Each structure stands twice: as structure tokens, then as C-alpha cells.
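**Q** Structure incoming, see below.
Each value in this text was obtained by applying a stated rule to the coordinates, not by laboratory testing. Everything numeric in this text was worked out from a predicted model, so none of it was measured. Here the Cβ is made from the backbone with ideal geometry for all residues, glycine too, and neighbour counts use every protein chain on show.
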Amino acid sequence: MKLPPRAQLGFTLVEMLVSLLIFGIIATVATALTMGATRSFAATDTALASLSNLEATRAVLAADLGQAAQRPSLAADGAPMPAFVLTPDGFVFVRRREGTLPALEKVSWGLVDGQLVRQPFPTIDRSPPGQPVAMIEGISAIRLRVATEQGWQDGWQPQDPEDLPRAVEMTLLRADGVPIILKFLVAA
């Protein structure tokens, strides 16, 4: 009986081991690339969601301050409040509401438990703030400045209770230490 030529017998053990080693290297590289792409997509989704949330908050805040009214109000205890009040962690003011009733609304913006919140008041006078709406989470500190005729100021002491600042600068310090600086014109 005649044996078939060596080429027809199959692979040697060394050839099989070399091919398995090459396949293992290719599989490892492909897995690493897939995992890197997955992490990249997840990070991109997180960043886009954060940016979208920040832009939505900026739009609401710009609309609120852009409709500020020169209307003093009364605090919950009946004490008079100027049209715009800076608080240690935010500000309170009255704004116009175009096309809706009531035509005026009192709102508060501020930092509460690591969140930038917006709180509408049920009524303009003699009312505590309503339910807070969390706008941005993960905020460790807030700094507010207002623009007046004398420039940017850390405090706000209006001469007339109906006075409004020209602009508001809000610096939000995120929990990761990155500051977000937002500036808004205030309607007069």
C-alpha cells in the first residue's frame, strides 16, 4: 500500500499551535477594541445627556430672568421683598408670564442638597415656595454676582424695591470640581 504525500495528511501540532496563537491575538485585539468603543459610547451618551440638561436649564433660566418684573412682593411672613432678592444660595424674583393667567409668577432659583432647583411660588404675596424642581444635579457650590451700573457686584442692595440688576452671573461648581459659568440679561 502506497502512503499519500505529506501534504494530504493534515496539519502538524506546531502548525495548529501557531494558528491558535494567531487567532488568540486577533480575538484579544478585537475584544479590546469592542470594549473601548463601548466605553466611549457610554461616556459620550453621559456627556451629551449632561450637556442637554445644562442647555435646557439655561433656556428656562434665561426665559425666567428675561421676563423679570419690577414688582416687589411680600414674603411668607408678610415682610416686604424687593423685586429681586439675592439669597445665600440663590435668588428670588417676580416674572411676567405672557399669554397665561396669572400674568405674574414669583420664582426662586437656588442650590438645595447638591441640586440647582427652580421653585415657583403658589402666589406672589404671603406664600412659601412651592415644590422644587431639580434642574441640575451634582452641584457642590454656587456663586452669584449681579451687574449694576457700577459693574459686577457680589451683593445686591437696590435703592428702590422695584430695581432689577442688569444681568446675573451664576457660577456652579460641579462635584468633580469643574465650574460652569452662566450669564443672563435681566429684563427691565
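**Q** Grab the DSSP H runs of the chain that are 4 residues or longer, score each as -39,500 (n - 2.57), total them, divide by all residues and round the 222 nm result to the nearest 500 deg cm²/dmol.
**A** -11000 deg cm²/dmol
**Q** For the pair GLN150 and ALA76, what calculated FRET efficiency results from E = 1/(1 + (r/R0)^6), where r is the Cβ-Cβ distance and R0 = 35 Å, to the nearest 0.05?
**A** Computed FRET efficiency for ALA76 and GLN150: 0.65.
**Q** If exposed GluC sites (Glu not before Pro) are those in a DSSP loop with at most 10 other Cβ within 10 Å, what is the longest stretch of the chain that has none?
**A** 1-97
**Q** To continue, here is another question. When the chain is fully extended, how far beyond the present Cα-Cα distance does VAL14 get from ASP125, taking 0.36 nm per residue of separation?
**A** Here the answer is 31.1 nm.
**Q** Using only alpha-carbon positions, what ratio does the radius of gyration of the chain give when scaled by 2.2 N^0.38 Å?
**A** Working it through for the chain, the quotient is 1.90.
**Q** Quickly work out the ILE22-to-LEU185 label distance, labels modelled 7 Å from Cα along the C-beta direction, and quote it in nm with one decimal.
**A** Roughly 6.8 nm, to one decimal.
**Q** Sort MET135, MET16 so the one with the fewest other Cβ atoms within 10 Å of its own Cβ comes first.
**A** Taking fewest neighbouring Cβ atoms as first place, the list is MET16, MET135.
**Q** For helix 13-66, report the angle its Cα long axis makes with the longest principal axis of the Cα atoms of the chain; keep it between 0 and 90° and round to the nearest 10°.
**A** Approximately 10 degrees, to the nearest ten.
**Q** Hey, rough spin-label estimate for VAL133 and THR31, points 7 angstrom out along Cα→Cβ, what's it come to in nanometres?
**A** Roughly 4.8 nm, to one decimal.
**Q** Could you pull out which residues in the range 29-69 have an amide N less than 12 Å from a spot 7 Å beyond the Cα of ASP176, following the Cα-Cβ vector?
**A** 43-51
**Q** Mind checking the full-extension length gain between ALA43 and ASP89? Use 0.36 nm per residue of separation minus the Cα-Cα distance, one decimal, nm.
**A** 13.5 nm
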